[in-house]
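Computed from the coordinates by the stated procedures, all read-outs in this text should not be read as laboratory data. Computed from a prediction, not measured in an experiment: that's the story for all the values here. Cβ placement follows ideal geometry from the backbone for every residue including glycine, while neighbour counts extend to all protein chains displayed.
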C-alpha cells in the first residue's frame, strides 16, 4: 500500500481544483502546481485506453496530491452498453488489477455514450 509523504488536511483537500483532465492545482504551503499528468495517471490511462479502445471519454486524476495512493477515473465507453454499473466497475477493476494492489483507494465513474 502506498502512503503519501505529506498528509492532506481538510483545507488542502478543499483547495484541490481539477482544471482539465491533465492539470491539477493544489494550493497551500509546501505544495506545487502540476501542469502535466503524473506517471501514475499516464500509466492508468494507457492501460484503460488499451482495454477499452472504444472509450469516447477518459479522465484519470491522482486525488492523493500526486503520491499515487488514490485515483479518480471517469470513463465513457460503448463497451459498457447493456451492463449494470457494478459490472462496468468490475471491468475497470479487472483491467487495473495489478495497479490496484498498490493503491489506497479508487473512485470509478462509468457511463455509456448517449448517442
When the residues of segment 57-115 are filtered to those that are in contact (Cβ under 8 Å) with a residue 60 or more places away in the chain and surrounded by 16 or more Cβ atoms within 10 Å (Cβ to Cβ), which remaining residue is farthest from residue 36 (Cα to Cα)? 103
Wholly inside segment 50-115, strands (runs of 3 or more DSSP E) that include 1 or more residues that are over 15 Å from the mean Cα position of the chain (by Cα) are 55-62, 70-77
